[in-house]
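Input: a single structure, listed below in structure tokens.
None of the figures in this text is laboratory data; all of them are computed from the coordinates on show. In this text the structure is predicted, and so the values were computed from the model without any measurement. All Cβ positions, even for glycine, are placed from backbone atoms using ideal geometry, and neighbour counts span all protein chains on display.
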């Protein structure tokens, strides 16, 4: 399973991007794609049309994973381990959802998320 960060969801909707090519390749290989509810919220915040939202939801096969107490508690530990940098709050939640779900994370924001790799996050 690969969780897609919000930027992968956004950039994946444009046919000429690396993210779109990656998504097509993963789907062709039978890889399951999903996302966290946090990344989904960032994606649907837009601007994005309802048609694009519906198309992406179909590609994900409705695999939009909730953030429960386990993910929230791991996100808090990650946030504290990274020095409580306010800008990383959502990233910690997205990372925690991937870690708890046993998924790798695809993101165009490797610089911030690479900080989470020593804490169990596997990046694609």
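Odds and ends about this structure:
- Residue count for region 80-111 under the criterion of being closer than 26 Å to residue 11 by Cα and more than 13 Å from the chain's Cα centre (by Cα): the result is 6.
- Of the set (1) within 14 Å of the chain's Cα centre (by Cα); (2) within 17 Å of residue 113 (Cβ to Cβ), all apply to residue 37 but (2).
- The residue list 108, 96 contains one member that is assigned to a helix (DSSP H, G or I), at negative phi and either surrounded by 13 or more Cβ atoms within 10 Å (Cβ to Cβ) or in contact with a helix residue (DSSP H, G or I) (Cβ under 7 Å, 6 or more places away or on another chain) (or both), which is 96.
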